[in-house]
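K.L.:
Below are the structure tokens for one structure; questions will follow.
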Amino acid sequence: MEPKPLRLKLQFGIYKIIDPFVRLLIKIGFTPNLITIVGFFLNLGVAVIFILGAEKTNRGDFSYVGWAGGLILFAG
């Protein structure tokens with residue numbers, strides 16, 4: 001029996017972490033469409049943060065960009 005490739009090991013590890021969260025979402029009735037809609041509205045909010053950051057801060061201040069970048073990762 002040959003050892004599993006690294007890709008499969010990583011995939012199974014990620015599934016172990018994500019699976020309980022996915023099962024919770026299924027249990028409370030979240031559908032794939034609802035997740036898409038929530039992600040869309042979160043990204044609209046991120047766009048507002050980028051616009052506010054562009055209009056209210058100095059060119060060297062990247063605090064809004066940091067927050068918006070983190071939220072994009074969360075919303076995606």
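K.L.:
From the list Lys16, Lys4, pick out the single residue that is surrounded by fewer than 10 Cβ atoms within 10 Å (Cβ to Cβ) and either more than 14 Å from the chain's Cα centre (by Cα) or free of Cβ contacts under 8 Å to residues at least 12 places away in the same chain (or both).
P.N.:
On the way: Lys4 fails: surrounded by fewer than 10 Cβ atoms within 10 Å (Cβ to Cβ).
Being surrounded by fewer than 10 Cβ atoms within 10 Å (Cβ to Cβ) and either more than 14 Å from the chain's Cα centre (by Cα) or free of Cβ contacts under 8 Å to residues at least 12 places away in the same chain (or both) holds for just one of Lys16, Lys4, which is Lys16.
K.L.:
Filter the stretch 1-29 down to the residues that are outside any helix (DSSP H, G or I) and either under 20 Å from Leu73 (Cα atoms) or modelled with pLDDT of 90 or more (or both) and list them by number.
P.N.:
Ile28, Gly29
K.L.:
Out of contact with any Phe, Trp or Tyr (no Cβ under 7 Å at 6 or more places or on another chain), at pLDDT below 85 and not acidic (Asp, Glu), is that true of Ile51? Break it down stepwise before answering.
P.N.:
Details: out of contact with any Phe, Trp or Tyr (no Cβ under 7 Å at 6 or more places or on another chain): yes; at pLDDT below 85: yes; not acidic (Asp, Glu): yes.
Yes: the conditions hold for Ile51.
K.L.:
On to the next question. For the stretch 30-53, does any single residue satisfy the condition of being assigned to a loop (DSSP other than H, G, I, E, B) and exposed (fewer than 10 other Cβ atoms within 10 Å of the Cβ)?
P.N.:
The answer is no, given that none of the residues of the stretch 30-53 is assigned to a loop (DSSP other than H, G, I, E, B) and exposed (fewer than 10 other Cβ atoms within 10 Å of the Cβ).
The values are calculated or read from the model by the stated rules, or taken from the named source; none is laboratory data. Small disclaimer: the values here were computed from a predicted structure and weren't measured. We place every Cβ from the backbone using ideal geometry, glycine too, and count neighbours over all the protein chains shown.
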